1. Looking at B:E115, B:E67, which is the one that is farther than 19 Å from B:A199 by Cα, touching a residue at least 40 places away in the same chain (Cβ under 8 Å) and among the acidic types (D, E)?
2. Residue under question is B:R186, and the condition is that it be at pLDDT below 95 and within 17 Å of B:D90 (Cβ to Cβ); does it hold?
3. Just to check your reading of the model, which residue among B:S104, B:S158 is in contact (Cβ under 8 Å) with a residue 24 or more places away in the chain and among the polar types (S, T, N, Q)?
4. Restricting attention to region B:137-146, and to residues there that are under 15 Å from B:P74 (Cα atoms) and at the interface with chain A (Cβ under 8 Å from one of its Cβ atoms), which single residue is surrounded by the fewest Cβ atoms within 10 Å (Cβ to Cβ)?
5. Go through region A:160-197 and give me each residue that's among the small types (G, A, S), more than 12 Å from chain B (Cβ to nearest Cβ) and out of contact with any Pro (no Cβ under 8 Å at 6 or more places or on another chain).
6. Could you list, ordered by first residue, the pairs with Cβ atoms under 6 Å in which the first is in region B:17-30 and under 24 Å from A:L167 (Cα atoms) and the second is of a type in the set (S, T, N, Q), at least 6 apart or interchain?
7. Would a scan of region A:43-52 turn up a residue that is outside any loop (DSSP other than H, G, I, E, B), under 23 Å from A:E113 (Cα atoms) and in contact (Cβ under 8 Å) with a residue 40 or more places away in the chain?
8. Here is a list: B:L130, B:L79. Which entry is more than 13 Å from chain A (Cβ to nearest Cβ), touching a helix residue (DSSP H, G or I) at 6+ places or on another chain (Cβ under 9 Å), outside any loop (DSSP other than H, G, I, E, B) and touching a residue at least 40 places away in the same chain (Cβ under 8 Å)?
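The values are calculated or read from the model by the stated rules, or taken from the named source; none is laboratory data. Because the structure is predicted, anything quoted here is derived from the model rather than measured. Backbone-built Cβ (ideal geometry, glycine too); neighbour counts: all protein chains shown.
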There are 2 protein chains.
Amino acid sequence: MDTFDIKKFLREKQEIVVQALDELMLPAKGVFADHITAMRYSLFVGGKRVRPILCLAAGSAISSDPEIEFRLLPVACALECIHTYSLIHDDLPAMDDDDLRRGSPTCHKKFGEAEAILAGDGLLTYAFDLLSDPRHERGLSGQARLAIIQAIARAAGSPGMVGGQALDMAAEGKQIEFDHLRAIHRSKTGALITASVLAGAIGGGAGTDQLADMRRFGDSIGLAFQIVDDLLDVISTTEELGKTAGSDAAQNKATYPAFFGVDRTRELAEEAVSQSLAALERFDERADPLRALARYIVDRTK
Amino acid sequence: MDTFDIKKFLREKQEIVVQALDELMLPAKGVFADHITAMRYSLFVGGKRVRPILCLAAGSAISSDPEIEFRLLPVACALECIHTYSLIHDDLPAMDDDDLRRGSPTCHKKFGEAEAILAGDGLLTYAFDLLSDPRHERGLSGQARLAIIQAIARAAGSPGMVGGQALDMAAEGKQIEFDHLRAIHRSKTGALITASVLAGAIGGGAGTDQLADMRRFGDSIGLAFQIVDDLLDVISTTEELGKTAGSDAAQNKATYPAFFGVDRTRELAEEAVSQSLAALERFDERADPLRALARYIVDRTK
């Protein structure tokens, strides 16, 4: 475990995910070429591919089927489509109004606001197209695929990511309680990370107890991830971050560092990672990539 | 058939759909109450409920199961959620910039632009939540539910409604060929209408031939519907229409009346309705509501 090369693992899986996205995403041809070009731009402009990789790693932690990664790739790609749509819409002038994302112009800066709204809508909808497409079922049962769609839709929607963004917008410039910040984090970022883990686990054939463990794991690394994101916004430069650094503070947003200071925020991130590792206690070495991913999240701040 | 009271039928089905939407939509309670209030506002501000009613009527044309309407109601509601989201996003300042919809302020006028984007995102995502929720499966098979999700996602997304709106935006103020206008209509409006019919038919247990007939029916009434919408924009007052009349011409949009004049456009609408009726030739009297719906669409212009 200590010798697990997480950077190599991430590079390999990122490559697999990007190749699958390229194959599974609509081609920028025909009458809708311009619209699809905008979607593909945001999909391929960069990104760590954390959600699809979590999905693949969760599936491999549950299942010893050598084909499990192949079977889960359409699900992994659907998760990345949803994550990318959420970034496009969050960056819009009416929302966070960001010009830079992953070191490049945001979708609306590049293609205009109308096209960016539609690129987001298209990516969100395409996720559910992919998840239900019989050409991409890859041996997953109908029951598993419906459960995956349900987990992802619930997490991405109003009770999750979309609702979280609405809370986040409403909280801007206001004094909010810490509980409220937690609710924003859980819904805006945590829900889809947990769903990524669950989708992989369901596809891998997890039983009820395993799903409960995976949910605890997902919730904890989702929390760690958001804490670290808040922290990076404070301690990084814009160049390192690939998006405008310090924008949380500039927008007067409630964040972990604003509540607890940088040092205590680091400790809280470490605690969340420890909780995520504890959730994996009953899993064998096939869960090592998940464990390494959990550590990697907090190591980004060092 | 000639005595079929379409207005009474529509009133009854509208009431059933609105009640089901109220029951099946997220309640405006808890931490996300404000966001859900915006979604519910647009969902209940009015609307003819054409897509859900087509879905129910298609199911009843295929199946003699007395419970078929009950079984299909979550699917019907999902279709209305998607239609409503598309109106909210189309009305945004960056898109058609409309202040009035169904006789009331548009979502962004009422709740602001950020909340309107999120209300749309939430409604779109909730449609797939509903369609995959095991609490609302109502005896439909997993296979049927996946096929319904697939038909709806394909029609609502980039190869359909979203792509059509992108084409429509790109065509604004430009001279376009009639074939291009047809492509816009088919994708922007036609695709989801066809999917509404197909979703009901799949849920009703349609075989391959029946699905092909239903697809022809859906395509033809989708075309009729769009032609009539173009026509109503020309011949109605804003009060009658519940949205700003004459906005197509004001925005220099390509429309059927712009290509063919009002009289020939009326004829083309009649022809599309005749084609839709021909597609139902092999169906018995259980398809009478579908037939009456087809006639009703074009009668709105008289």
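1. Of B:E115, B:E67, the one residue that is farther than 19 Å from B:A199 by Cα, touching a residue at least 40 places away in the same chain (Cβ under 8 Å) and among the acidic types (D, E) is B:E115.
2. yes
3. Unique residue meeting the criteria: B:S104.
4. My answer is B:G142.
5. Result: A:G173, A:G190.
6. Cβ pairs passing all conditions: B:L26/A:S158; B:A28/B:T37.
7. The answer is yes, given that some residue of region A:43-52 is outside any loop (DSSP other than H, G, I, E, B), under 23 Å from A:E113 (Cα atoms) and in contact (Cβ under 8 Å) with a residue 40 or more places away in the chain.
8. B:L79
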